[in-house]
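Here is the structure we will look at, set down as structure tokens.
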Amino acid sequence: MKITFIGAGNVVQQLALALKRSRHTVQEICNRNETTGKPLAKKIGASYINDISKVKDADIIIIAVKDDAIAEVVKNLPALKNSLVVHTSGATDIAVLKKKFINFGVLWQVQTIKAKTKVDFKKVPFVIEANNPSSEKKLMQFACSLSGKVYVFNSLQRRVLHLGAVWSNNFVNHLYFLAEVVMKKHHLPFDLFESLILSTAENGIKNPKASQTGPAKRNDIKTMKEHLKLLPDKNYRELYKIISKSIFESYPHKP
């Protein structure tokens, strides 16, 4: 298939290379910033343009920009009657494309993508949505050429999945950061937790409720009080209390 990208950020940097390996043709890279767009286009043998009004029809046009920029991109794109136009947002409704295009959809990778981190898309789940059966079939074929895990969900289901991703990815990563701050404050190595973090993730995927351990679950009040004394400020203590309370209330306890 002939593919055009709007944007040249982390997702496009990785996905464009994956498409080249999958024998698709990246036709154009459209990006306002020449510094990122032009080198990528050259690397994969695509044309580079910075004027969105000059984007040509392709089999699939992929809008891969920040969520709050999607509507503006849609407004400035040509009508592109012969293209399937999709965005890559987990949280944005498919309806943002409805007024402008005949065939439209969503292609969302359930994975944090960084430009310089190697990504094996065969293992990355993709969620697709399309406005009609023919577009869905086309998008499914395209997604399956990249990944062995492709799911069809509507916009509401996708928003729920996105919410789950925030809990299991963004919030968890922030807790790692907070733990690292505490370790550094006491001059202790955070990387000592590498094995613990990996095993926790592995066990959590199988059964997160059954995998829960720690003082909050067993209502070890003495240990929790000692922990609170070691935390650096009020925000840390409040968060510790909220999470501990949630853990405790998630499990039955004898009166």
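Tell me yes or no: at least one residue of region 200-208 is open to solvent by 70 Å² or more (accessible area, probe 1.4 Å), without any contact (Cβ under 8 Å) to a residue 12 or more places away in the chain, of a type outside the set (Phe, Trp, Tyr) and closer than 30 Å to GLN141 by Cα.
Yes: region 200-208 contains one or more residues that are open to solvent by 70 Å² or more (accessible area, probe 1.4 Å), without any contact (Cβ under 8 Å) to a residue 12 or more places away in the chain, of a type outside the set (Phe, Trp, Tyr) and closer than 30 Å to GLN141 by Cα.
Do we find that VAL152 is among the β-branched types (Val, Ile, Thr) and open to solvent by 60 Å² or more (accessible area, probe 1.4 Å) in this structure? Don't jump to the end; show me each part of the working.
Details: among the β-branched types (Val, Ile, Thr): yes; open to solvent by 60 Å² or more (accessible area, probe 1.4 Å): yes.
In short, yes.
I need the full set of residues from region 209-236 which are closer than 20 Å to VAL172 by Cβ, assigned to a helix (DSSP H, G or I) and open to solvent by 60 Å² or more (accessible area, probe 1.4 Å), in order please.
Within region 209-236, LYS209, ALA210, HIS227, ASN235 qualify.
In region 81-100, how many residues are open to solvent by 10 Å² or more (accessible area, probe 1.4 Å) and assigned to a loop (DSSP other than H, G, I, E, B)?
So in region 81-100, the residues open to solvent by 10 Å² or more (accessible area, probe 1.4 Å) come out as 81-82, 88, 91-96, 98-100.
From what is left, the residues that are assigned to a loop (DSSP other than H, G, I, E, B) are 81-82, 88, 91-93, 98-100.
So the count comes out to 9.
Yes or no: region 158-171 includes at least one residue that is more than 30 Å from SER135 (Cα to Cα), open to solvent by 80 Å² or more (accessible area, probe 1.4 Å) and part of a loop (DSSP other than H, G, I, E, B).
no
Name the one entry in ILE52, ILE6 that is in contact with a Pro (Cβ under 9 Å, 6 or more places away or on another chain) and either touching a residue at least 12 places away in the same chain (Cβ under 8 Å) or open to solvent by 30 Å² or more (accessible area, probe 1.4 Å) (or both).
Numbers: ILE6 fails: in contact with a Pro (Cβ under 9 Å, 6 or more places away or on another chain).
Result of the check over ILE52, ILE6: ILE52.
The values are calculated or read from the model by the stated rules, or taken from the named source; none is laboratory data. Everything quoted here is computed from the prediction, not taken from an experiment. Here the Cβ is made from the backbone with ideal geometry for all residues, glycine too, and neighbour counts use every protein chain on show. The area values use the complete protein model at the heavy-atom level, side chains included, leaving out ligands, DNA and RNA. Shrake-Rupley method; radii C 1.70, N 1.55, O 1.52, S 1.80 Å.
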